[in-house]
Structure formats: structure tokens, C-alpha cells
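One structure below.
The values are calculated or read from the model by the stated rules, or taken from the named source; none is laboratory data. These numbers come from a predicted model, not from an experiment. Note: ideal-geometry Cβ built from the backbone for every residue, glycine included; neighbour counts use all protein chains shown. Note: accessible area is taken over every heavy atom of the protein model, side chains too, but ligands, DNA and RNA are not part of it. Shrake-Rupley method; radii C 1.70, N 1.55, O 1.52, S 1.80 Å.
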Amino acid sequence: MSLQLTIPDSVVNQLHLPAQNLQSELQKQLAIALYAKGMISFDAACDLADKSCWEFGHLVNAQEIGRAHV
């Protein structure tokens, strides 16, 4: 199953991201947020962020989010 999310232009315009990075950056930030809240596992977050677990681990460490809660 996949899900498509519509984000209003007013929100997209506030992101100040290049169009070519928009989807990947939003996926990465959503993965980090859901993982930090304990809503998804580390492996699921890696998949959502479209990163290797090693790469995602570095993103998580950079934001000082632990892995203990999964």
C-alpha cells in the first residue's frame, strides 16, 4: 500500500527548498519525526527516508534522536 499526501502551496512555499529536493527532504523529515515519536521502527524509517540504515543513522545522530524507544 502507498499513500499520496497533498501539501498546500502555502506550506510548500514556506519550505524554501529547491523543487528537485522537495519530495526527498519531506520524506526524510517525516521519517525522522515518526521514528523520534516511536511510531515506526528504525528499518521502516530507513525505507521511508529512502536511505541506507547507515545513512539514516547518521541523520538521526545529527538530530540527537536515540534508538532506544523502538
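Residues in segment 29-57 that are of a type in the set (D, E, K, R) and at pLDDT below 95: K37 alone. I need the full set of residues from segment 48-70 which are charged (D, E, K, R) and either within 22 Å of T6 (Cβ to Cβ) or touching a strand residue (DSSP E or B) at 6+ places or on another chain (Cβ under 8 Å) (or both), in order please. D50, the sole residue that qualifies.
Figure legend. Inter-residue proximity from segment 16-37: first residues of a type in the set (D, E, K, R), second residues open to solvent by less than 50 Å² (accessible area, probe 1.4 Å), beta-carbon distance below 6 Å, spacing 6+ or different chains. Indicated pairs: K28/A49.
Taking the chain as the region of interest, the helices (runs of 4 or more DSSP H) fully inside it that hold 2 or more residues being loosely packed, with under 11 Cβ neighbours inside 10 Å are 9-14, 19-36, 53-62.
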